[in-house]
Amino acid sequence: VATCSTPGRVYTLAWRNDSQRPRLATGSSDGSICIFDASLGVCMARFQGHFGAVLSLAWSAVPDETLCLASCGEDGTVRVWEARAAQCLAVHIGHAGSAPQRHEHV
């Protein structure tokens, strides 16, 4: 069992089944995102950027050196992250309403 300390509830998750390292991303009510190494059961990174809950997550389908994750928040933003570095690459402002929950196996 893996744990990643966050004061919020987990609202969404996204699974990425890489051959080298399967990953699970979780988005929480406190605006945090945790990235877990599913094969080791450890939290690799925790990052914050949204003001309010993270409502939806999606991994990039492109297998390359950059490990990108998109997050949609209650704050009306969509953020694109480089997950290994926990760095926000872009912020898109202006989505309205709730984001649909979408879970894909990549």
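See the values below:
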| read-out | value |
| --- | --- |
| Residue 60 being of a type outside the set (A, V, I, L, M) and either more than 19 Å from residue 93 (Cα to Cα) or in contact with a helix residue (DSSP H, G or I) (Cβ under 9 Å, 6 or more places away or on another chain) (or both) | yes |
| Any pair with Cβ under 8 angstrom, 6 or more apart, that starts in segment 21-45 at a residue that is touching a residue at least 60 places away in the same chain (Cβ under 8 Å) and ends at one that is open to solvent by 10 Å² or more (accessible area, probe 1.4 Å) and of a type outside the set (Asp, Glu) | 23/15; 23/16; 23/36; 23/38; 23/44; 23/59 |
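The values are calculated or read from the model by the stated rules, or taken from the named source; none is laboratory data. The shown structure was predicted, so the numbers you read here are calculated from the model rather than taken from an experiment. Ideal geometry is used to build each Cβ from the backbone, glycine not excepted, and the neighbour counts take in all protein chains shown. Quick note on the areas: whole protein, heavy atoms, side chains included, nothing else; ligands and nucleic acids left out. Shrake-Rupley method; radii C 1.70, N 1.55, O 1.52, S 1.80 Å.
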